[in-house]
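What follows is a short report on a single structure.
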Amino acid sequence: MQSGLAHAEEKLAQLDAQISRQQESLDLGIPTFREIVARITAVAAPPEPS
């Protein structure tokens, strides 16, 4: 019975590690949609008269 418990605890530890890896974000250096729209809007906006 003890080996079954150890095996179950090991499996749970593996699953916890897998979940934590999946939740980490990875920056690929690709701009987000909001960043792209902000740049396009800033360039396309006509200058305001002074």
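The values are calculated or read from the model by the stated rules, or taken from the named source; none is laboratory data. Everything numeric in this text was worked out from a predicted model, so none of it was measured. Positions of Cβ are generated from backbone atoms using ideal geometry, with glycine treated the same way; all protein chains shown enter the neighbour counts. Side chains included, ligands, DNA and RNA excluded: accessible areas come from the protein's heavy atoms. Shrake-Rupley method; radii C 1.70, N 1.55, O 1.52, S 1.80 Å.
Is it the case, given these coordinates, that Ala13 is surrounded by 10 or more Cβ atoms within 10 Å (Cβ to Cβ), small (Gly, Ala, Ser) and at pLDDT 90 or above? The answer is yes for Ala13. Of the listed requirements (1) at pLDDT 80 or above; (2) open to solvent by 100 Å² or more (accessible area, probe 1.4 Å); (3) outside any helix (DSSP H, G or I), Pro31 misses just one: (2).
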